There are 4 protein chains.
Amino acid sequence: MKVLLNLQVVPMAAGLSVSKFIAACEQVLVDAGLHHELHANGTNIEGEWDAVFAAIRRCHEVVHEMGAPRIQTFISVGTRIDKEQSLQDKVDSVVRQL
Amino acid sequence: MKVLLNLQVVPMAAGLSVSKFIAACEQVLVDAGLHHELHANGTNIEGEWDAVFAAIRRCHEVVHEMGAPRIQTFISVGTRIDKEQSLQDKVDSVVRQL
Amino acid sequence: MKVLLNLQVVPMAAGLSVSKFIAACEQVLVDAGLHHELHANGTNIEGEWDAVFAAIRRCHEVVHEMGAPRIQTFISVGTRIDKEQSLQDKVDSVVRQL
Amino acid sequence: MKVLLNLQVVPMAAGLSVSKFIAACEQVLVDAGLHHELHANGTNIEGEWDAVFAAIRRCHEVVHEMGAPRIQTFISVGTRIDKEQSLQDKVDSVVRQL
């Protein structure tokens, strides 16, 4: 099952700047070979359900290993069976109507 | 890795009432033996990462099979390595300070 | 416009225990006279759009005043024009089908 | 109080394609003069709390007027008092560490 997903990882009790943790999660996505697009409030990811959620789990493990004792993560995940759709397709379908 | 999680499944293009889909997801959680608590904007779940996310995947499969062609799901997932915490612990820690 | 909403406030760089901040937000909701229900991953709120979002803003102000320099908050907000619905109605409609 | 926010509007019972509704919300943001950036799972917005949430309310009104009877919207909103930060700053701080 293919998913289009937004991942927003929020390390808690780990200082004001959390960008190093987010960068580490980006590396996890690169290592997993997943198509992903960083934006200001998360990272959009496109891939198969199991591969994507395994990477998100790995991201939590890495962020904990880096010293963040507590993480709250927000995920918005979409699946559909009527048609294939990519991250870019979603943006394009809106832009066409602007 | 233990998770405390809120799951909110939003079936799209599937009619105004989506409660039958939510009830089906509740049954998936029961079948998976996961501790869960239904509330007005989702279901809180407590369990091991892999078991919880396997159940969420199964929920998507079941809701699609029931006729919802598109699903947008919102997940808030917390992990921590400083101490063990249950869903009830989180509520209790707030209530103690009211 | 009436809203049914889940509010999850995540204070960052403010220590491992954030329950005192959540308790302060509960007090804001009490002071605002808004119907609300605390659960393990947030607080469900029922009320008019402007009153609810004014309270959420006040919650951010209070949490900052208490010493949390950075807050990430997650809100799931539902509106509908086909019928009136309460927080309890949403739970009841699922429970009826279990 | 300045906010950096992700807005994801999910029209329910309104057909499989919801891009026309998202495009209408983009227009609301343009009309409000708010800096915003569309992406695959929402729109990042930067602005003052009251202006941003007034626009989100207007978006709900417009989407209902266009025929969507029910809307579930997901908002991730960040505020901080330690420093000024823009949407671009958040991306830059991560990219610098990749």
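Using protein heavy atoms only (no ligands, DNA or RNA), what is the total accessible area buried between C and B, 1.4 Å probe, nearest 100 Å²? Mind showing how you got there, number by number?
Details: alone 6350 and 6350 Å², together 10500 Å².
Heavy-atom accessible area buried at this interface is about 2200 Å².
Taking R0 as 51 Å, what's the FRET efficiency between A:D50 and C:D92 from their Cβ-Cβ distance, rounded to 0.05?
Numbers: r = 35 Å, r/R0 = 0.69.
Taking R0 as 51 Å, the efficiency between A:D50 and C:D92 is 0.90.
Could you list the trypsin sites (Lys or Arg not before Pro) in region D:1-93 that lie in coil according to DSSP, counting only those with at most 14 other Cβ atoms within 10 Å of their Cβ? Don't skip to the end; give the middle numbers.
Values: sites: D:K2, D:K20, D:R57, D:R58, D:R70, D:R80, D:K83, D:K90; in loops: D:K83.
In loop regions of region D:1-93 (DSSP not H, G, I, E or B), the sparsely surrounded trypsin sites (Lys or Arg not before Pro) are D:K83.
Explain nothing, just compute: Karplus ³J(HN,Hα) = 6.51 cos²θ - 1.76 cosθ + 1.60, θ = phi - 60°, for every residue of region C:19-25 in order, whole Hz, x for Gly and Pro.
My calculation for region C:19-25 gives 5, 5, 5, 5, 4, 5, 5 Hz in order.
Counting only heavy atoms of protein chains, what accessible area per residue, in Å², does chain C have with a probe of 1.4 Å? Intermediate values should be presented prior to the final figure.
Working: 3660 Å² over 98 residues.
In whole numbers, chain C has 37 Å² accessible per residue.
Can you give the net charge of the other residues whose Cβ lies under 11 Å from the Cβ of D:A40, counting K and R as +1 and D and E as -1?
On the way: positive: A:K90; negative: A:E37, A:E46, A:D89, A:D92.
Taking every Cβ under 11 Å from that of D:A40, the sum is -3.
Could you grab the relative contact order for region C:5-98? Cα pairs under 8 Å, six or more apart, rounded to a whole percent.
Values: 100 pairs, mean separation 39.5, N = 94.
Relative contact order of region C:5-98: 42 percent.
Of the cross-linked pairs A:K90/D:K20; D:K20/D:K90; A:K90/C:K2; B:K90/C:K20; D:K2/D:K83, which ones have a Cα-Cα span greater than 20 Å in the structure shown?
On the way: A:K90/D:K20 11 Å; D:K20/D:K90 29 Å; A:K90/C:K2 29 Å; B:K90/C:K20 11 Å; D:K2/D:K83 11 Å.
Pairs exceeding the cut-off: D:K20/D:K90; A:K90/C:K2.
Between copies, how close do the A:S17 label points come, placed 7 Å along Cα→Cβ, listed in nm from shortest?
3.1, 4.5, 5.5
Would you mind pulling out the separation of the Cα centroids of region D:11-88 and region A:47-80, in Å?
Cα centres, region D:11-88 to region A:47-80: 25 Å.
For region D:25-70, which residues drop by 30 square angstrom or more in accessible area between the chain on its own and all protein chains together (1.4 Å probe)?
Residues shielded by partner chains are D:L38, D:H39, D:A40, D:N41, D:N44, D:W49, D:F53, D:R57, D:H60, D:H64, D:P69, D:R70.
Using the 7 Å Cα-to-Cβ label point, sort the distances from A:D31 to its equivalents in the other copies shortest first and give them in nm to one decimal.
When each copy's label point is compared with this one, the spacings are 3.4, 4.6, 4.8 nm.
Step through the residues of region B:45-54 one at a time and calculate ³J(HN,Hα) from phi using the Karplus curve (6.51 cos²θ - 1.76 cosθ + 1.60, θ = phi - 60°), rounding each to whole Hz and writing x for Gly and Pro.
Listing the rounded values in order: 10, 10, x, 6, 3, 5, 5, 5, 6, 5 Hz.
On the protein heavy atoms, probe 1.4 angstrom, tell me the percent of accessible surface of the protein assembly as shown carried by carbon and sulfur.
On the way: 7440 of 14600 Å².
The computed percentage sits at 51.
Identify, for chain C, the residue whose C-beta comes nearest the rotation axis onto chain B, and round that distance to whole Å.
Closest Cβ on chain C to the axis mapping it onto B, in Å: C:H39, 2.
Along region C:66-72, what does the Karplus equation 6.51 cos²θ - 1.76 cosθ + 1.60 (θ = phi - 60°) give for ³J(HN,Hα), rounded to whole Hz, x for Gly and Pro?
6, x, 8, x, 9, 9, 10
At A:D92, label 7 Å along Cα→Cβ: distances to the other copies, nm, ascending?
From this label point to the equivalent ones elsewhere in the assembly: 3.2, 4.7, 5.4 nm.
The values are calculated or read from the model by the stated rules, or taken from the named source; none is laboratory data. Keep in mind that this is a model prediction, so the values were computed, not measured. As a convention, Cβ positions derive from the backbone with ideal geometry for all residues, glycine included, and neighbour counts pool all protein chains shown. For the accessible areas, the whole protein counts, side chains as well, though only heavy atoms, and no ligand, DNA or RNA atoms are used. Shrake-Rupley method; radii C 1.70, N 1.55, O 1.52, S 1.80 Å.
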